[in-house]
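Shown next, in structure tokens, is the structure this report addresses.
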Amino acid sequence: MKKSKFGWLDIFIYLVFIIFSLVTLVPFILAIMVSISDERSIVLNGYKFIPDLFSLDAYKIVFQDNIVTNAYKITIIVTIVGTVISLILSSLLGYMMSVQKVKYRNIIALIIFIPIVFSAGLVPWYIVVTNYLHLKNTIWALILPIAINPFNIFLLRNYYKSISPALSESAEIDGAGPWFIFYKIITPLSMPILATVGLFSSLSYWNDFTMSLWLIDDRKLFSVQFLLYRINSMIAYMSQHSNVASARMPSETIVFAMFLITIGPIILVYPYLQKYFVKGIMVGSIKG
């Protein structure tokens, strides 16, 4: 009789992870239930998994004009364009630093590493972005300042180092140039790390609201995260200074509705990249 490989230890591990998964899901389910609850029942009875009275007033208020829809469009455009630009620049820099025969690659690596440890500060950065690059109140202000992340570059460099140089040398003997080698040979072998860095970049762009806070005054260029920040601030202000207005505004449910709206698209990306994510992190972090 063939002995089963599924033992008590495996059952225990599965139970631990099932319980952990359920615990992480509880706040998310509660947020959904609160967002579709009636505001008065929330104020009287607190948060409940099964609402006393269902209401979609929070979502109606959020989508009553085009501000949120426009902010959504801006955030999606910034996330897609920014992630593509970040992947192109980071992969080129990482590959360049991984090739042994590139001159001064260690000096370039040191220059990229320095901002991880030392920062010039917010004021010089702001002067460069606004006075020299003239990015203020443009959509590029939401993309270019965070397009390069030194951590991602070194993650890519370490991954490229794990690829055998014999592949590139063989292609060079056959007459292939550096661009052909990078796009036709190296890039197809680097999908795990590119997916990982792409996920990091897309999350960074999607969740960022500081660029809108510092560099954007035009309401048409507000990101959805910054809009959530402003709505929260306005609700808090109205609650403190106007009892009439705050009584009409579903302040509790609207916060949870905005929270769910903001995480919607980006949470769907992770399952598709999950199979590459762990492999990319492990291989990219092995070599120093």
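The values are calculated or read from the model by the stated rules, or taken from the named source; none is laboratory data. From a predicted model like this one, the values you see are computed outputs, not experimental measurements. A quick note on method: Cβ atoms are made from the backbone with ideal geometry, for glycine too, and the neighbour counts reach across all protein chains shown. The area values use the complete protein model at the heavy-atom level, side chains included, leaving out ligands, DNA and RNA. Shrake-Rupley method; radii C 1.70, N 1.55, O 1.52, S 1.80 Å.
Only protein atoms count toward the accessible area here, which uses a 1.4 Å probe; on the chain, the carbon and sulfur part of that area reaches 70 percent. For residue 151, the solvent-accessible surface computed with a 1.4 Å probe is close to 110 Å², ligands and nucleic acids excluded. Here the average projected area of the convex hull drawn through the C-alpha atoms of region 119-178 stands at 6.6 nm².
Of the two radii for region 30-133, the radius of gyration is 1.26 times the Kirkwood radius, both from the alpha carbons; that is the Rg over Rh value. Share of pairwise Cα-Cα distances greater than 17 Å in region 117-226 is 65 percent (whole percent). Three principal axis extents describe the C-alpha atoms of region 70-112; from largest down they are 47, 16, 9 Å. Kindly provide log₁₀ I(q)/I(0) values, in the same order as q = 0.27 Å⁻¹, from the Debye equation applied to equal alpha-carbon scatterers of region 12-90. Treating every Cα as an identical point scatterer, log10 I(q)/I(0) equals -1.10.
Rg and Dmax, both from the Cα atoms of region 33-76 and both in Å, are 13.3, 38. With helices as the sole contributors, the chain gives -22000 deg cm²/dmol at 222 nm; each DSSP H run of n ≥ 4 counts as -39500 (n - 2.57), and the sum is divided by every residue. Residue ranking by accessible heavy-atom surface, 1.4 Å probe, largest first, among 142, 189, 92 comes out as 189, 92, 142. Potential lengthening of the chain between residue 44 and residue 24 amounts to 4.5 nm, from the contour at 0.36 nm per residue minus the alpha-carbon distance. Pairs of C-alpha atoms in region 57-205 farther apart than 21 Å represent 57 percent of all such pairs.
Accessible surface area normalised per residue over the chain is 62 Å², counting heavy atoms of protein chains with a 1.4 Å rolling probe. The largest accessible area among 206, 140, 8, 125 belongs to the first residue in 8, 140, 125, 206, and the rest follow in falling order (1.4 Å probe, all chains). Under the convention that each Lys and Arg Cβ holds +1 and each Asp and Glu Cβ holds -1, the size of the dipole of the chain around its Cα centre is about 800 debye.
Dipole of the chain computed with +1 at Lys/Arg Cβ and -1 at Asp/Glu Cβ about the Cα centre; of 235, 80, 68, farthest Cα towards the positive end is 80. Rg and Dmax of the chain, based on Cα coordinates, read 24.4, 78 Å.
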